[in-house]
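Novice: Dropping a structure here in structure tokens format, bear with me for questions.
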Amino acid sequence: MRSLCTSTLFLGAFLGATSNVPAQADWAKHIIQEPARGGINGVSASDFNQDGHVDVISSLEGRVVVYQGPDWTPHTVHRFSAADSHRKPGPACIHSCLMDADGDGDQDFIGSNQTVFWLECPDDPFNGQPWTFRTIDDEIAGTHCVLPGDVNRDGKLDLIANSGRDEKATPFPNSITWLEVPGDPHAAPNWTRHVFADKDAPGGSHYMGFGDVNGDGRPDIACAAKGTDGFENGQWFAWWEQPKDATVPWTKHLLAENEVGASNLMPADFDGDGHMDYFATRGHGQGVLLFRGPAFEKVEIDPDIQFPHSLDLGDIDGDGDTDAVTCGKEADGVAAWYQNNGNGGFTKHVIGIDQGSYDTRLTDMDGDGDLDVLIAGHSSKNIVWFENPGSR
């Protein structure tokens, strides 16, 4: 295990790269879903009907809805019911993502709503018929994150999902799994489960990051866990090192503990030194930070932002390096992006205010070639996107 430097640094926010996004430019806010009757926790985008326009999918008010672009016409593709699982589903998924589960070339919907499931995208996604519901795993519990990635490097996507409840709720308590797509995903009752973090992910485990951190050619998995709201033994950031046999428990490496409200941890080489770093947020506390590899010293980037519950990485300004975006979870939350100068120095730019978020995605919403910011409003109960001003 690598030794970790325990000193905390404050990162200088200076600009050293050419940006296509003016520093003080306004990001126009576009409404996809007005405030609903309950929270909206996840959102993703894809051109489901291949008409050249981005569509948006989310869950709210007891159903899964696709908003057909460019006018965001809503289509209900699934209604949650007791038949979905032996656990009573809630009104919305706690998290969701897209993944081609059956290998037919389109994006299917993956959700966690008391059970982990997928909805098959049909050839005609807006024909008025429900998308077929299938179970992925209904034994793990407390799945706050679903994340696709080719874990075992067989050329096929797997699904990473946590099981963050105790032994009273699940046979796999305080654990994290990766789930292998079966040979016939249309007929299989569930996917093949591999528990790689076996009872060593306590607390309220939240979101995961995926990538080869130690340079051995095998992708590793990171996670953060809050310890607030009754969750014991949380407040940590950690990553698990994949062994040669991905089906056995992996080695856990603790990055930091006593991190109040830890929630997000995603890898990228931010300073171009050939070593992977981790960008992190404390979504049930405050602050955005960096763990700079290879020693993973902790660097406070923005210690003041409140409840930055969502996180995504991408080249927002088009200058060739990786930037970050986050948004506070409460209704008065701040959406901000952090501009990388190419050396791992970041400048904060506010995108919008009074916007809650449990999920933020960088995606080109308007087809102009740059990354926009798509947000599922948790406390604000809406779905919005902020238009990147770089191409105006």
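Novice: Taking segment 267-304, which residues are crowded, with 17+ Cβ neighbours inside 10 Å and of a type in the set (A, V, I, L, M)?
Specialist: Once the filter is applied, which keeps residues that are crowded, with 17+ Cβ neighbours inside 10 Å and of a type in the set (A, V, I, L, M), segment 267-304 yields 268, 276, 280, 288, 289, 290, 299, 301.
Novice: Now a separate question. Scan segment 286-301 for residues that are within 20 Å of the chain's Cα centre (by Cα) and not hydrophobic (A, V, I, L, M, F, W, C) and jot them down.
Specialist: If the condition is that a residue be within 20 Å of the chain's Cα centre (by Cα) and not hydrophobic (A, V, I, L, M, F, W, C), then 286, 287 are the ones that fit.
Novice: State yes or no: is residue 95 modelled with pLDDT under 95 and out of contact with any helix residue (DSSP H, G or I) (no Cβ under 6 Å at 6 or more places or on another chain)?
Specialist: No.
Novice: Would you pick out the residues in segment 126-173 that are open to solvent by less than 10 Å² (accessible area, probe 1.4 Å) and touching a helix residue (DSSP H, G or I) at 6+ places or on another chain (Cβ under 9 Å)?
Specialist: Result: no residue meets the conditions.
Novice: Something else about it: Which condition breaks for residue 154 when tested against (1) touching a residue at least 24 places away in the same chain (Cβ under 8 Å); (2) assigned to a loop (DSSP other than H, G, I, E, B)?
Specialist: Going through (1) touching a residue at least 24 places away in the same chain (Cβ under 8 Å); (2) assigned to a loop (DSSP other than H, G, I, E, B) one by one, residue 154 breaks only (1).
Novice: Looking only at segment 200-246, how many residues end up being modelled with pLDDT under 95 and under 14 Å from residue 161 (Cα atoms)?
Specialist: Selection size over segment 200-246: 0.
Novice: Follow-up question, since we're still on this one. Which of the following residues is buried (at least 19 other Cβ atoms within 10 Å of the Cβ) and outside any strand (DSSP E or B): 230, 234?
Specialist: Working: 230 fails: buried (at least 19 other Cβ atoms within 10 Å of the Cβ).
Going through 230, 234 in turn, just one is buried (at least 19 other Cβ atoms within 10 Å of the Cβ) and outside any strand (DSSP E or B): 234.
Novice: Also, quick follow-up: Scan 262, 295, 256 and give me the residue that is of a type outside the set (D, E, K, R), over 20 Å from residue 339 (Cα atoms) and part of a strand (DSSP E or B).
Specialist: 256
Novice: Say whether the condition of being in contact (Cβ under 8 Å) with a residue 60 or more places away in the chain, of a type in the set (Phe, Trp, Tyr) and crowded, with 21+ Cβ neighbours inside 10 Å is met by at least one residue in segment 202-224.
Specialist: Yes, segment 202-224 contains at least one residue that is in contact (Cβ under 8 Å) with a residue 60 or more places away in the chain, of a type in the set (Phe, Trp, Tyr) and crowded, with 21+ Cβ neighbours inside 10 Å.
Novice: Take the residues in segment 68-100 that are under 14 Å from residue 48 (Cβ atoms), assigned to a loop (DSSP other than H, G, I, E, B) and of a type outside the set (Phe, Trp, Tyr), then tell me which one is nearest to the chain's Cα centre (by Cα).
Specialist: Per the criteria, the residue is 100.
Novice: Follow-up. Scanning for something modelled with pLDDT of 95 or more, over 19 Å from residue 44 (Cα atoms), touching a Phe, Trp or Tyr at 6+ places or on another chain (Cβ under 8 Å) and open to solvent by 10 Å² or more (accessible area, probe 1.4 Å), does segment 313-326 turn up at least one residue? Let's see the steps before the verdict.
Specialist: Of segment 313-326, the ones modelled with pLDDT of 95 or more are 313-326.
Then keep just the ones that are over 19 Å from residue 44 (Cα atoms); that gives 317-323.
Keeping just the survivors that are touching a Phe, Trp or Tyr at 6+ places or on another chain (Cβ under 8 Å) gives 321-323.
Going one step further and asking which of them are open to solvent by 10 Å² or more (accessible area, probe 1.4 Å), we end up with 321-322.
Checking segment 313-326: at least one residue is modelled with pLDDT of 95 or more, over 19 Å from residue 44 (Cα atoms), touching a Phe, Trp or Tyr at 6+ places or on another chain (Cβ under 8 Å) and open to solvent by 10 Å² or more (accessible area, probe 1.4 Å).
Novice: Now a separate question. Within segment 114-125, take every residue that is open to solvent by less than 10 Å² (accessible area, probe 1.4 Å) and either at pLDDT below 95 or part of a loop (DSSP other than H, G, I, E, B) (or both) and give me the one that is farthest from residue 48 (Cα to Cα). Outline the logic, then answer.
Specialist: So in segment 114-125, the residues open to solvent by less than 10 Å² (accessible area, probe 1.4 Å) come out as 115-119, 121, 125.
Of the ones still in play, those that are also either at pLDDT below 95 or part of a loop (DSSP other than H, G, I, E, B) (or both) are 115, 121, 125.
On the way: 115: 24, 121: 8, 125: 7 Å.
That would be 115.
Novice: With the requirement that a residue be in a loop (DSSP other than H, G, I, E, B) and of a type in the set (Gly, Ala, Ser), what does segment 237-253 give you?
Specialist: If the condition is that a residue be in a loop (DSSP other than H, G, I, E, B) and of a type in the set (Gly, Ala, Ser), then 246 is the only one that fits.
The values are calculated or read from the model by the stated rules, or taken from the named source; none is laboratory data. None of these values were measured; they are calculated from a predicted model. Backbone-built Cβ (ideal geometry, glycine too); neighbour counts: all protein chains shown. We work out accessible area using only protein heavy atoms, side chains counted, and drop any ligands, DNA or RNA first. Shrake-Rupley method; radii C 1.70, N 1.55, O 1.52, S 1.80 Å.
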